[in-house]
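Each reported figure results from applying straightforward, stated rules to the coordinates on display, with no laboratory input. Quick caveat, the model's predicted, so the values are computed rather than measured. With ideal geometry, Cβ positions are generated from the backbone for all residues, glycine too; neighbour counts draw on all protein chains shown.
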């Protein structure tokens with residue numbers, strides 16, 4: 001069997017969430033001497049297919065979660081064989097639920113999907129003060145800052161953080177995407193952020209287009 | 001008003017529309033933060049309701065965070081003799097603070113469970129920090145707990161609430177979320193539930209059957225009691241529960257339990273407060289009588305027309321996006337939405353905010369909507 005055929009089986013196993021077969025085929029590729037980094041590239045292609053199926057309505061957010069779990073198991077097989085350089089990331093995002101708000105379901109879905117999309121995710125958690133978020137942007141120099149809030153009382157944190165980033169001279173260096181059920185396009189515009197994502201998947205697509 | 005609400009349950013036409021907003025969250029947060037409008041200084045919540053001229057939603061709420069007024073769950077849960085429940089607050093002996101945590105441990109002969117929740121929003125809300133169920137072993141422990149748990153109707157508290165509001169509002173009692181959403185939102189968390197269903201489908205399906213048996217116990221405990229409506233607190237959202245899950249776990253559950261509800265002469269609704277575009281075409285198969293808190297765009301993802309099409313003859317409770325009660329939304333936007341909402345859903349409507357007045361909402365908009373409802377009713 002040619003490597004291309006094996007790669008197709010790896011992609012198919014990931015897309016169908018067949019974790020046992022995926023691990024066997026991943027190991028088979030390693031045994032053939034294929035670089036672990038190259039296999040990760042094949043897995044990423046599989047994740048793209050999962051993403052396409054989500055876009056067409058065949059898959060759902062739950063499918064994306066399962067795909068991430070499936071991929072994680074394949075990566076465990078590959079881990080001992082990775083070179084010290086690690087895998088190149090698509091970009092870096094600092095993510096936080098803003099001060100006063102500890103809702104995290106949406107944020108966690110988003111960070112999971114960003115991780116499987118190849119981003120380095122620095123998740124600051126929930127109820128994060130604006131000062132801590134700004135300090136994290138200064139420290140990590142991310143491409144993107146993601147802010148989440150569910151409660152209307154905490155939406156005012158968005159313009160506050162934008163203002164603080166401007167004062168620190170950091171605003172022009174980072175794109176800002178916000179999300180949360182009570183966020184509207186109108187409010188996001190008023191807050192001075194770059195984008196408002198109505199769903200985790202929309203947020204990932206926005207970030208992919210930026211980086 | 002009692003008859004007007006019953007008319008919605010009984011599908012009668014011609015009764016005045018009732019506006020029944022939830023205010024407790026707004027009241028509690030602003031009370032604790034010292035930011036209640038001066039007009040309401042010195043007033044308890046029910047006096048605020050009286051001042052605004054609107055009735056409360058849940059006089060008999062679950063007497064815990066999220067319920068209106070002093071609350072009446074109608075049922076008391078009683079744990080088995082060999083189940084110890086230990087709770088620990090990390091701070092906040094005198095009142096509640098933002099940084100307070102509630103740790104709950106169940107200790108049983110077959111194992112222990114631990115849950116950590118954090119008080120938020122000035123101590124008025126509780127969020128899971130550590131979910132109760134983490135692996136298959138925990139399911140066995142919870143099964144043991146539920147197997148011994150029973151429910152008792154609390155007549156004394158019912159009588160108290162009846163004297164206070166019984167002539168105005170039919171008793172609406174709460175149930176747990178349907179089994180899948182109970183897991184996702186309440187006791188296991190979203191990601192863990194999804195991966196557990198994927199890795200252990202049979203065990204999880206059987207466990208959801210055990211949760212369903214708990215609903216049967218609760219519904220049975222309400223039999224013969226003066227309850228008009230039962231409410232499942234699902235927090236439904238199509239990202240958390242996509243159509244395949246809904247068809248496999250949610251619809252069959254409701255199809256099995258709703259005949260019990262109807263046989264007891266009651267109606268039932270469920271709290272659907274997330275994105276619902278993918279689920280509204282499926283809700284008709286549940287046999288639910290109504291949906292609570294369905295949220296139209298721009299906060300939700302559906303139009304009023306899509307809501308009506310999906311819900312058909314079910315009644316809608318609420319329907320005003322909470323963000324329309326916030327100062328940054330033009331009043332005209334709120335007015336035109338309320339007008340369209342009433343025209344679309346009346347008489348299958350109990351008007352309210354999806355799902356409550358936000359802490360930074362403008363309480364005077366309650367008065368405005370109340371006046372719109374009075375004008376609407378005057379033209380009936």
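In table form, for the structure just shown:
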item: Values of log10 I(q)/I(0), in the order q = 0.11, 0.14 Å⁻¹, for region B:134-276 under a Debye, Cα-only, solvent-free model; result: -0.46, -0.71
item: Relative exposure of A:116, B:303, judged by other C-beta atoms within 10 Å (fewest first); result: B:303, A:116
item: Residue order, fewest to most beta carbons within 10 Å, for B:159, B:379; result: B:379, B:159
item: For A:179-190, mean number of other protein chain Cβ atoms within 10 Å; result: 4
item: Cβ-Cβ FRET estimate between residue B:3 and residue B:33, R0 fixed at 41 Å, reported to 0.05; result: 0.60
item: Tilt relative to chain B, helix B:364-378 - C-alpha long axis, 0 to 90 degrees, to 10; result: 70 degrees
item: Helix-only mean residue ellipticity at 222 nm for chain B, each DSSP H run of n ≥ 4 adding -39500 (n - 2.57), per residue, nearest 500; result: -11000 deg cm²/dmol
item: Helix A:157-167 axis, angle to chain A major axis (alpha carbon atoms, nearest 10°); result: 90 degrees
item: Relative contact order [Cα under 8 Å, 6+ residues apart], chain B, whole percent; result: 18 percent
item: 222 nm mean residue ellipticity, helices alone, for chain A (DSSP H n ≥ 4; -39,500 (n - 2.57); rounded to 500); result: -17500 deg cm²/dmol
item: Peptide A:60-67 - average C-beta neighbours from other chains (10 Å radius); result: 6
item: Rg followed by Dmax, in Å, when chain B is reduced to its Cα trace; result: 20.6, 64
item: Nearest-0.05 FRET efficiency for residue B:205 and residue A:31, computed from C-beta distance (R0 41 Å); result: 0.65
item: Averaged over B:323-331, number of beta-carbon atoms from partner chains that fall within 10 Å; result: 3
item: Convex hull volume of region B:138-216 per residue (C-alpha atoms, cubic angstrom); result: 107 Å³
item: Calculated P(r) of chain A - Cα pairs past 25 Å, %; result: 42 percent
item: Footprinting exposure proxy for A:70, B:108 (fewest neighbouring C-beta atoms within 10 Å first); result: B:108, A:70
item: Relative counts (whole %) of C-alpha pair distances in region B:217-366, using bins that are 10 Å wide; result: 11, 40, 32, 15, 2
item: 0 to 90° range, to nearest 10: angle between helix B:136-148 axis and chain B longest Cα axis; result: 70 degrees
item: Mean separation of Cα contacts under 8 Å (6+ apart) over length of chain A, as relative contact order %; result: 17 percent
item: Cα point-scatterer Debye curve for the protein assembly as shown, base-10 log of I(q)/I(0) at q = 0.08, 0.11 Å⁻¹; result: -0.60, -1.13
item: Pairwise Cα inverse-distance average, inverted: Kirkwood Rh of region A:1-83 (Å); result: 12.6 Å
item: Separation of alpha-carbon centers, region B:249-274 and region B:177-220, rounded to whole Å; result: 16 Å
